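This report concerns only the one structure given below.
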Amino acid sequence: MSQFQLLVYDLQSTPVFRGDLAAGGEGLYPAQHVSISNILPGGNEACSFRLPISGSPWAMPAILGKFYELRVLDAESIFWIGRMEDFKLHIGRDGMYWDVTAYGYGVNLDDQAYTAQNVAGVATGTIADNAITNLTQKIGARSVTATSVSISAATAVNLKLLKASVVVNWAAKFGDSAFNPQIWYVYPDADATVRFTFKDRPATPDLYISAQDMDLLDFGLLGRQLGNRVIVQYNDGASAVTRNNTALQGAGPNGWNFIKAVNVFAPEITQSADANQLGDAVLQKVQTTYMFASNVSLRPNARIVDSNGQLVKPWRVKAGQLVQLTDIIPAEGALTNLTFNNSFLVARVAWDEDRQALSLTPESQEPTIYSIVAQAKSVLAGRHTVQAR
């Protein structure tokens, strides 16, 4: 039996509570094998579980309604919310059961698309906010806290046939007024309000964890994700601007003594001011050495503490939080570009209830063959910007 409540609500205008899957009922035994994940960008990603069948396997239980809302709660409050989408009936020697997967409202930003939206003269935070307002229906609150920049009003900037997630990512890549990277996610408030957050990448730790509490930790620095020049091709490919970090291009000890360029394609924008803003924002990201890690998993009794010194339950760790390893001391090398960093932004969280195991994916993870193939497809589609970090 799960330690969480798995509350189901139907699709009426005022949703009606249908039951707790953790308690069973309607020919189902209580939920087993609960697994929960969060991702950046996005927020709540997926919640999967198994429902053993105690009665007839041929009738789908009414509580497993397509797109019914799922709320996951612990003893404190709700911490995951989304909708049930995937159902698979299994009949075999190991028994009869339903495998169910729900997806968070953050990853459901692909439901609707603008036919055309002119964002000329609009602040990037407003562009993101409008996309949530116009293209999503379950997100009831928005927190846009970054200092936005405005897209040039000189000519139309049309975002055509782009879904909400793409529009928000498009706005985020321009950074804030100081070129700081921006992130976004969707999580529930304690009262089940679904909240969209668009803000600067955190600069101070949200969580503190000891490396000694790691069951597995492979980490270091990854040079090939870095750059000291950004070339932005814009105006449907007809124009280009180049942004440089001349200090990093120069000789050591303050530089790398060579030029390493990152290419960005932004066909929608036509003005050099927008291209320069985009280039400087991307440069701010790729010139910074973040911690690289390929494997981070915590022991079942790992101690996780927030910025107020309060213990945090492992299933409440969120993608988008900045983690600092308390027992690894940052060291300044002989060259400033070799600075060691003991903090990382969490790009993905996975909690396995059966194993009581928490796995974290940092922002600068090693690119997998799947991400490389995805990038190649993106390039072919003419939409490539820069690899998310």
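The values are calculated or read from the model by the stated rules, or taken from the named source; none is laboratory data. Quantities reported herein were computed from a predicted structural model and do not represent experimental measurements. In this analysis, Cβ positions are derived from the backbone assuming ideal geometry, glycine residues included, and neighbour counts consider all displayed protein chains. Keep in mind that these areas ignore ligands, DNA and RNA; they rest on the heavy atoms of the full protein, side chains included. Shrake-Rupley method; radii C 1.70, N 1.55, O 1.52, S 1.80 Å.
List the residues whose amide H sits under 5 Å from the amide H of residue 43, counting only those 5 or more places along or on another chain, with H placed 1.01 Å from N in the peptide plane.
Amide H to amide H, under 5 Å and 5 or more residues apart or across chains, residue 43 pairs with 186.
Tell me, what HN-Hα J-couplings in whole Hz come from the Karplus equation 6.51 cos²θ - 1.76 cosθ + 1.60 at θ = phi - 60° for each residue of region 228-238, using x for Gly and Pro?
Rounded to whole hertz, the list is 10, 9, 10, 10, 9, 9, 9, 6, 6, x, 7.
For helix 272-286, what angle does its Cα long axis make with the longest principal axis of the chain, in degrees from 0 to 90 and rounded to 10?
The helix 272-286 is inclined about 70 degrees to the chain.
Which length gain, in nm to one decimal place, applies between residue 273 and residue 101 when the Cα-Cα distance is subtracted from 0.36 nm times their residue separation? Please report the intermediate quantities before stating the final value.
Details: separation 172, 0.36 × 172 = 61.92 nm, distance 4.44 nm.
Gain on stretching residue 273 to residue 101: 57.5 nm.
Evaluate E = 1/(1 + (r/R0)^6) for residue 74 and residue 294, where r is the Cβ-Cβ distance and R0 equals 35 Å; express this FRET efficiency to the nearest 0.05.
Values: r = 30 Å, r/R0 = 0.85.
The computed FRET efficiency comes out at 0.75.
Solvent-accessible area per residue for region 62-192 at a 1.4 Å probe radius, Å²?
Details: 5520 Å² over 131 residues.
Averaged over the residues of region 62-192, the accessible area is 42 Å².
Sorted from largest to smallest, which semi-axis lengths in Å does the alpha carbon gyration tensor of region 71-227 give for its equivalent ellipsoid, taking the root of 5 times each eigenvalue? Intermediate results must be reported in sequence, preceding the final value.
Details: eigenvalues 215, 122, 57 Å².
With the √(5λ) rule applied to region 71-227, the semi-axes are 33, 25, 17 Å.
Could you calculate the FRET efficiency of residue 259 with residue 156 from 1/(1 + (r/R0)^6), where r is the beta carbon distance between them and R0 is 35 Å, rounded to 0.05? Numbers along the way, then the final one.
On the way: r = 35 Å, r/R0 = 0.99.
It comes out at approximately 0.50.
Quote the FRET efficiency, to the nearest 0.05, computed for residue 192 versus residue 13 with a Förster distance R0 of 22 Å and r equal to the Cβ-Cβ distance.
Numbers: r = 16 Å, r/R0 = 0.74.
For residue 192 and residue 13, the calculated efficiency is 0.85.
Could you let me know the centre-to-centre spacing of region 259-299 and region 128-150, using Cα atoms, in angstrom?
22
What's the magnitude of the charge dipole for region 1-79 around its Cα centre, counting Lys and Arg as +1 and Asp and Glu as -1 at the beta-carbon? Answer in Debye, nearest 20. Each step should come with its number before you reach the end.
On the way: 4 positive and 7 negative charges, 41 e Å.
Value, rounded to 20: 200 debye.
Could you tell me which chymotrypsin sites (Phe, Trp or Tyr not before Pro) in region 52-124 are loop residues by DSSP with no more than 16 other beta carbons within 10 angstrom of their beta carbon? Mind dumping the intermediate values first?
Working: sites: 58, 67, 68, 79, 80, 87, 97, 98, 103, 105, 114; in loops: 58, 67, 68, 105, 114.
Of the chymotrypsin sites (Phe, Trp or Tyr not before Pro), the ones in loops of region 52-124 whose Cβ has at most 16 other Cβ atoms within 10 Å are 58, 67.
Quick one: dipole size for the chain, taken about the Cα centre, charges +1 on Lys/Arg Cβ and -1 on Asp/Glu Cβ, in debye to the nearest 20. Before the final figure, lay out each step's value.
Values: 30 positive and 34 negative charges, 153 e Å.
It works out to roughly 740 debye.
Compare 109, 311, 162 in a GNM of the chain, Cα atoms joined below 10 Å, and give the one with the largest fluctuation.
Answer for the Gaussian network model of the chain: 311.
Work out the charge dipole of region 141-214 with +1 on the Cβ of Lys and Arg and -1 on the Cβ of Asp and Glu about the Cα centre, then indicate which of 162, 150, 205 is farthest towards its positive end.
Highest projection toward the positive end goes to 162.
Probe 1.4 Å, all protein chains in place: accessible area of residue 305 in Å², nearest 10?
20
Just to be sure I understand: of the beta bridges DSSP finds with both ends in the chain, what percent are antiparallel, rounded to 5?
On the way: 82 of 97 bridges.
Approximately 85 percent, going by the DSSP bridge assignments.
In the chain, if the dipole is taken from +1 on Lys/Arg beta carbons and -1 on Asp/Glu beta carbons about the Cα centre, which of 310, 130, 267 is farthest to the positive end?
After comparing all options, I get 267.
DSSP loop (so not H, G, I, E, B), at most 14 other Cβ within 10 Å: list which trypsin sites (Lys or Arg not before Pro) in region 26-99 pass both filters. Each step should come with its number before you reach the end.
Numbers: sites: 50, 66, 71, 83, 88, 93; in loops: 66, 93.
Qualifying residues, ordered by number: 66, 93.
Tell me what the chain gives for mean residue ellipticity at 222 nm when only DSSP H runs of n ≥ 4 count, each as -39,500 (n - 2.57), the sum divided by the residue total, rounded to 500 deg cm²/dmol. Mind showing how you got there, number by number?
On the way: 5 runs with 52 residues, N = 389.
Taking each H run of at least 4 residues, the total per residue is -4000 deg cm²/dmol.
Exceeding 27 Å between C-alpha atoms, which entries from my cross-link table qualify? They are 163/199; 88/313; 160/318. Before the final figure, lay out the partial values.
Details: 163/199 20 Å; 88/313 30 Å; 160/318 32 Å.
The answer is 88/313; 160/318.
Share of the chain's accessible area from carbon and sulfur, percent, 1.4 Å?
On the way: 8920 of 17810 Å².
Ligands and nucleic acids excluded, carbon and sulfur reach 50 percent.
Please give me the summed charge of the neighbours of residue 275: other residues whose Cβ is under 13 Å from its Cβ, Lys and Arg +1, Asp and Glu -1. Write out the running numbers ahead of the final one.
On the way: positive: 173, 243; negative: 236, 268, 274, 280.
Net charge in that neighbourhood comes out at -2.
Test of understanding: what is the full-extension gain from residue 23 to residue 238, defined as 0.36 nm times their sequence separation minus their Cα-Cα distance? Write down the numbers at each step before the final one.
Working: separation 215, 0.36 × 215 = 77.40 nm, distance 6.08 nm.
Stretched fully, the residue 23-residue 238 segment lengthens by 71.3 nm.
Per-residue HN-Hα couplings for region 73-86, Karplus 6.51 cos²θ - 1.76 cosθ + 1.60 at θ = phi - 60°, whole Hz, x for Gly and Pro?
10, 10, 5, 8, 5, 5, 9, 9, 8, x, 9, 6, 10, 10
Mind listing the long-range amide H neighbours of residue 326? Cut-off is under 5 Å, sequence gap 5 or more, other chains count too, H placed in the peptide plane at 1.01 Å from N.
Amide H to amide H, under 5 Å and 5 or more residues apart or across chains, residue 326 pairs with 209, 210, 211.
Farthest toward the dipole's positive end in the chain, which of 231, 25, 291, given Cβ charges of +1 (Lys, Arg) and -1 (Asp, Glu) about the Cα centre?
The listed residue farthest towards the positive side: 231.
Please list, in chain and number order, the residues 5+ apart from residue 122 or on another chain whose amide H is under 5 Å from its amide H, with Hs placed from the backbone.
Here the answer is 151, since their amide H atoms fall under 5 Å of that of residue 122.
Going through region 23-95, which GluC sites (Glu not before Pro) have at most 11 other Cβ atoms within 10 Å and a DSSP loop state?
76
Could you give the size of the charge dipole of region 159-229 about its Cα centre, using +1 on the Cβ of each K and R and -1 on the Cβ of each D and E, expressed in debye and rounded to the nearest 20? Numbers along the way, then the final one.
Numbers: 8 positive and 8 negative charges, 139 e Å.
I would put it at about 660 debye.
Using DSSP, restrict attention to beta bridges with both residues in region 133-273 and report what percent are antiparallel, rounded to the nearest 5. Each step should come with its number before you reach the end.
Details: 13 of 23 bridges.
Taking every DSSP beta bridge with both residues in region 133-273, the antiparallel ones total about 55 percent.
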